[in-house]
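Here is the structure we will look at.
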Amino acid sequence: MLLVNFIGTMGFTIVIPFLVFLVTRFGGNALVYGLVAATYPAFQFVAAPVLGRWSDRYGRRRILLLSQIGTLVSWLVFAVALFLPPTELFTVDSATFGQFTMTIPLVVIFVARALDGLTGGNISVANAYVADVSPPEKRNRNFGRMGVAANLGMIMGPALASVLGVTAHGEVLPVFAAAIIALVGVGVIAFGLPESNRFQGLPECPRQEKGKVLGQEIRDCVVAAKTRETSVRDVLSQPNVAFMMVLYFTILLSFNFYYAAFPMHASRGLGWDVTDIGAFFAILSLMIVLVEGPVLARLSRRFSEPTLIIVGLPILGTNFVLMQSTNVAVLYVGAALFAIGNGIMWPSICLLYTSDAADDMQ
């Protein structure tokens, strides 16, 4: 599961350093870049609840495999856009939206990101998988490991893009690298990942059936059969779950402001190229790995999860103020604060919202 998380994140973040340059070259502006960045989560917003319910009904492994195949196909569609002629469809020039030209390659990129979003249940289903196989006393540590795996992918993705993107082939090599990474993910899930969900919807729930996942035994089933599926109302009725979802939303909102806005700021305000942006995000992710690994391991033994969240939030927020600077040293100080705040807070949030839900509603 850690390898799946690593592969998925590496494939997703490899596009960050060069997407802003690609959109601009095909006729887009800051608005179009923002819309391209928003397309994936917008379609994920529609599809993720469906994929989550399917993972309860049909099993985590099948939905993870479906998501990974969708990611592979989306990268192949994305690659097609790089070889299409920049045929103009229409041009916009207004005081509100700025000036941009919509071209066929841009439309294909929108389609590729939308397709990836429609099958983008990887992260949420992966977290559900970890909740399935982790006893309560090990959840914080295991979610921390998932965070480390994801951030290792966030190191490798931008770093790979910064190296491949400056070659004579431009964005072609990073996109095909992302497709190959997605293909490896399909193979890992198809041939190396056992099913974890033993809670509801599956035809049988034998208590003796166990599987080993990185040394963690799949937990015994809690509910062998249900008279009806779990509804959204059932989930929200769990103590503190609605509050944790609001907290989850607000933090992800600020997080994605950063990841969507900073490349545009770096390319236009700072004059950075693909290598500079890739190096920045790779170093940022390396710092997060260090915090979510040895630092969080020590802090979680001394402080409760709510304390870590309360301390982490203002540290994370300070970075968003420093992001406006054009001083490189200040930007890297902000990145360090981002790593500290996010690194001590995020695994704690994952632990709290899975701990608040009953076992049969994971």
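Over the chain, give the accessible area per residue in Å² for a 1.4 Å probe, as an integer. Please list the in-between numbers first.
Details: 16510 Å² over 362 residues.
It amounts to 46 Å² per residue over the chain.
With an 8 Å Cα cut-off and a minimum separation of 6 or more residues, compute the relative contact order for the stretch 78-163 in percent.
Result for the stretch 78-163 is 19 percent.
Read phi for every residue in the stretch 177-193 and hand back ³J(HN,Hα) as whole Hz from Karplus 6.51 cos²θ - 1.76 cosθ + 1.60, θ = phi - 60°, with x for Gly and Pro.
4, 5, 5, 5, 4, 5, 5, 4, x, 4, x, 4, 5, 5, 10, x, 10
Could you work out how far apart the two model spin labels at residue 304 and residue 46 are, taking each label as a point 7 Å from the Cα in the direction of the beta carbon, and quote it in nm?
Calculated label separation equals 4.2 nm.
Between the stretch 4-80 and the stretch 227-301, how far is it from one alpha carbon centroid to the other, in angstrom?
Going from one Cα centre to the other spans 16 Å.
Would you work out which of 254, 275, 331 lies farthest towards the positive end of the dipole of the stretch 241-362? Charges go on Cβ: Lys and Arg +1, Asp and Glu -1.
Farthest towards the positive pole: 331.
Report ³J(HN,Hα) in whole Hz for each residue of the stretch 126-131, in order, from the Karplus equation J = 6.51 cos²θ - 1.76 cosθ + 1.60 where θ = phi - 60°; Gly and Pro get x.
5, 5, 5, 4, 4, 4
Which whole-number percentage describes the relative contact order of the chain, with Cα contacts under 8 Å and a sequence gap of 6 or more? List each step's numbers first, then the result.
On the way: 570 pairs, mean separation 86.4, N = 362.
This gives 24 percent for the chain.
Taking Cα pairs under 8 Å and at least six residues apart, what relative contact order does the stretch 1-116 come out at, in percent?
Reported relative contact order: 34 percent.
If you roll a 1.4 Å probe over the chain with all protein chains in place, what percent of the accessible area is carbon or sulfur?
69 percent
Test of the criteria: in the stretch 1-98, which chymotrypsin sites (Phe, Trp or Tyr not before Pro) are in a DSSP loop and have at most 12 other Cβ atoms within 10 angstrom of their Cβ?
In loop regions of the stretch 1-98 (DSSP not H, G, I, E or B), the sparsely surrounded chymotrypsin sites (Phe, Trp or Tyr not before Pro) are 83, 97.
The values are calculated or read from the model by the stated rules, or taken from the named source; none is laboratory data. Predicted, not measured: the structure shown is a model, and the values here were computed from it. Don't worry about glycine lacking a Cβ; one is built from the backbone with ideal geometry, like all the others, and counts go over all protein chains shown. The area values use the complete protein model at the heavy-atom level, side chains included, leaving out ligands, DNA and RNA. Shrake-Rupley method; radii C 1.70, N 1.55, O 1.52, S 1.80 Å.
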